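The values are calculated or read from the model by the stated rules, or taken from the named source; none is laboratory data. Source: prediction; values computed, not measured. Here the Cβ is made from the backbone with ideal geometry for all residues, glycine too, and neighbour counts use every protein chain on show. Surface areas here come from the heavy atoms of the whole protein model, side chains and all, with no ligands, DNA or RNA. Shrake-Rupley method; radii C 1.70, N 1.55, O 1.52, S 1.80 Å.
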Amino acid sequence: QLVASNVPPEEIAEIHEEAINRLARDFPAKTLLESAYQISTPLVELLMAYGLAFREGLQQRERAEETVRKSEEQYRLLVEITNDWIWEVDSSGVFTSASPQIKGLLGYEPEEVVGKTLFELIPPEEVQRVAKFFQDTAGATRPFSEFESTHLCKDGQHAVIEMSGMPALDAQGNLLSYRGI
């Protein structure tokens with residue numbers, strides 16, 4: 001059942017180890033065989049407890065996966081229904097995501113923006129000012145709000161956009177990305 005469910009081997013081993021630990025705790029030093037041909041009651045109980053512990057581990061995993069699926073669906077719906085462009089850039093400033101609202105704002109499809117930097121979407125006269133702002137902000141890994149800059153629309157027009165963003169950091173405090181609106 002685990003293999004058919006594509007459960008990674010390390011998770012199977014983890015569930016197995018937890019079940020064994022639980023068994024050792026619940027059934028210490030009992031006689032498991034009454035004779036060469038008869039399984040003792042403690043062994044039956046042990047096997048049942050192992051099965052229950054193993055099933056409980058699987059159920060916890062399934063509940064966690066369902067929680068993640070629901071959370072991802074809620075996030076996707078929120079991103080799609082908001083009027084604002086929601087974006088994420090990696091630590092190098094490359095867009096890793098862009099919500100569909102960029103189409104109405106700048107004329108680009110989201111996939112046209114992913115892989116580009118902000119500097120590819122602003123006019124040359126804005127580059128130095130925007131670079132200084134983001135260098136200072138990202139260097140300090142601090143959030144920002146209400147930053148205005150001129151962007152180039154796909155049709156060549158200019159649009160002034162106000163952005164706010166929040167850094168995402170790893171456990172050591174290193175910048176992973178900025179997410180914003």
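Applying 1/(1 + (r/R0)^6) with r as the Cβ-Cβ distance of residue 168 and residue 55 and R0 = 25 angstrom yields a FRET efficiency of 0.10.
Binning the C-alpha pair distances of region 39-145 at 10 Å intervals from 0 yields a P(r) profile of 12, 25, 23, 13, 10, 9, 6, 2, 0 %, listed from the shortest bin outward. The label point for residue 62 and the one for residue 120, both projected 7 Å from the Cα toward the Cβ, are 4.4 nm apart. The aspartates and glutamates within cross-link reach of residue 103, meaning a Cα-to-Cα straight distance under 14 Å and a gap of 8 or more places when in the same chain, are 80, 84, 111, 112, 155. Per residue, region 129-177 exposes an accessible area of 60 Å² to a 1.4 Å probe, with every protein chain left in place. For region 114-181, the calculated P(r) over all alpha carbon pairs, in 10 Å bins from 0 to the bin holding the longest distance, is 19, 51, 25, 5, 0 percent.
With the simple model of a label 7 Å out from the Cα in the direction of the Cβ, residue 127 to residue 11 spans 4.6 nm. In this structure, residue 175 and residue 82 have a Cβ-Cβ separation that, at R0 = 35 Å, corresponds to a calculated FRET efficiency of about 0.90.
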